[in-house]
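The values are calculated or read from the model by the stated rules, or taken from the named source; none is laboratory data. Everything numeric in this text was worked out from a predicted model, so none of it was measured. Methodologically, a virtual Cβ is constructed for each residue, glycine included, from the backbone with ideal geometry; neighbour enumeration extends over all protein chains shown. Protein only, heavy atoms only, side chains kept; ligands, DNA and RNA dropped before computing areas. Shrake-Rupley method; radii C 1.70, N 1.55, O 1.52, S 1.80 Å.
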Amino acid sequence: MNLQPFLDQLNSAKVKTIKETIFTALFVLIAASVEIISDWANFMAGLMGTIPYDT
């Protein structure tokens, strides 16, 4: 009985799952970063709006 094809299939399936997991994690991380940067930009804009300065 030759198990090699089965093992190859298992390995490729495992790699695919890991890649999808990493991709999902990266996507979530990027989405969170965008959200944080957006909040930070709004916060800074609010600060700049309260600081009176002459141009």
How many of the residues in the stretch 1-17 are open to solvent by 90 Å² or more (accessible area, probe 1.4 Å) and assigned to a helix (DSSP H, G or I)?
5
Neighbours by Cβ (under 9 Å, 6+ apart or cross-chain): first from the stretch 23-50, touching a residue at least 24 places away in the same chain (Cβ under 8 Å); second open to solvent by less than 60 Å² (accessible area, probe 1.4 Å) and in a helix (DSSP H, G or I)
none
Residue check for residue 29: modelled with pLDDT of 85 or more and either of a type in the set (Ser, Thr, Tyr) or surrounded by 10 or more Cβ atoms within 10 Å (Cβ to Cβ) (or both):
yes
